[in-house]
Amino acid sequence: MLVSIDSGRVKIFRGDGSSEVTLYLFGPGDTFGFMPFLDGRPYPAGAQALTAVDALVMPRAELLGAFERDPHIALTLVELLATRLREAFQRIERSSNPEVLPRVASALAALLPEGGPTKGLVLVELPVRAHELASAIDVVPESFSRAVTSLVKSGVLHRLGPRRFQVLDVARLRSAAHDPLTC
């Protein structure tokens, strides 16, 4: 079954309740569930809605029928798969990068409201606990915390609570995702 999120956030994780690892955080516009569609086997991870979610869910048989009716739909899925594969390569590259700050800044920048303000009151709320987000971006929780503290000390963020931040400088946050020396 293929799932395309219209609104809300979903966490993809592996493991049982005692030792869970967050693999991905998906939001509006994201699609997941490719593997079961391709091979007919179960999805190799669990999914949990973090907020109310509106999504289009398409069973495998229905999607195969759509492919037969319009082969361009298959091309769209292949493009989505290529995007996901590129993201996987980027994750591997980031995990080999010893710089934690760019990964943390990139994850926080990805949570910025789309089309929202870049000045004034810009809020970011972590969709999961900090250690889960750290796990999703391949960072140990302590390093995640140090990177956030560095962004706070440099005037990029202001901590409002355990999972809430005001972004004081959106441009510098986005820049820190590529060049940690800009903070």
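The values are calculated or read from the model by the stated rules, or taken from the named source; none is laboratory data. Treat the numbers as computed from the prediction; the structure is a model and nothing was measured. Positions of Cβ are generated from backbone atoms using ideal geometry, with glycine treated the same way; all protein chains shown enter the neighbour counts.
When we screen Leu108, Leu80 for residues that are outside the structural domain of Gly33 (by TED's automatic domain parsing), surrounded by 11 or more Cβ atoms within 10 Å (Cβ to Cβ), at pLDDT 85 or above and under 29 Å from Asp138 (Cα atoms), the only hit is Leu108. Pairing residues of the range 58-85 that are more than 26 Å from Tyr24 (Cα to Cα) with residues that are part of a helix (DSSP H, G or I), at Cβ distances under 7 Å and at least 6 apart in sequence or on separate chains, gives Ala66/Ile73; Phe67/Ile73; Phe67/Ala74. Taking each residue of the range 119-145 that is under 12 Å from Thr22 (Cβ atoms) and assigned by TED's automatic domain parsing to the domain that holds Lys11 and looking for partners that are surrounded by 15 or more Cβ atoms within 10 Å (Cβ to Cβ) and at pLDDT below 85 with beta-carbon atoms closer than 8 Å, six or more apart or interchain, yields nothing. On the stretch given as the range 3-43, residues that are modelled with pLDDT of 90 or more and either basic (Lys, Arg) or assigned to a helix (DSSP H, G or I) (or both) total 2. Just one residue in the set Arg69, Arg14 is among the charged types (D, E, K, R), more than 15 Å from the chain's Cα centre (by Cα), surrounded by fewer than 14 Cβ atoms within 10 Å (Cβ to Cβ) and closer than 28 Å to Val139 by Cα; that residue is Arg14.
Could you please let me know if Arg9 is surrounded by 12 or more Cβ atoms within 10 Å (Cβ to Cβ) and in contact with a helix residue (DSSP H, G or I) (Cβ under 7 Å, 6 or more places away or on another chain)? Walk me through how you get there before you give the answer.
On the way: surrounded by 12 or more Cβ atoms within 10 Å (Cβ to Cβ): yes; in contact with a helix residue (DSSP H, G or I) (Cβ under 7 Å, 6 or more places away or on another chain): no.
Spelling it out, it is not the case that Arg9 is surrounded by 12 or more Cβ atoms within 10 Å (Cβ to Cβ) and in contact with a helix residue (DSSP H, G or I) (Cβ under 7 Å, 6 or more places away or on another chain).
Filter the range 134-179 down to residues that are touching a Pro at 6+ places or on another chain (Cβ under 9 Å) and over 12 Å from Ala107 (Cα atoms) and give me whichever is modelled with the lowest pLDDT. Can you show your working first?
Of the residues in the range 134-179, the ones touching a Pro at 6+ places or on another chain (Cβ under 9 Å) are 134-135, 147, 150, 163, 170, 176-179.
Filter again for over 12 Å from Ala107 (Cα atoms), leaving 150, 163, 170, 179.
On the way: Ser150: 94, Arg163: 92, Val170: 93, Asp179: 69.
Taking the candidates together, the pick is Asp179.
Restricting attention to the range 52-61, report how many residues are surrounded by 12 or more Cβ atoms within 10 Å (Cβ to Cβ) and not in a strand (DSSP E or B). Show your work before the answer.
Just the residues of the range 52-61 that are surrounded by 12 or more Cβ atoms within 10 Å (Cβ to Cβ), to begin with: 53, 55, 58-60.
When the remaining residues are screened for being not in a strand (DSSP E or B), the result is 53, 59-60.
The qualifying residues number 3.
Note on the range 27-51: residues that are charged (D, E, K, R), within 19 Å of Leu80 (Cα to Cα) and surrounded by fewer than 16 Cβ atoms within 10 Å (Cβ to Cβ) total 1. The single condition among (1) at pLDDT 85 or above; (2) in contact with a Lys or Arg (Cβ under 8 Å, 6 or more places away or on another chain); (3) among the hydrophobic types (A, V, I, L, M, F, W, C) that Leu85 does not meet is (2).
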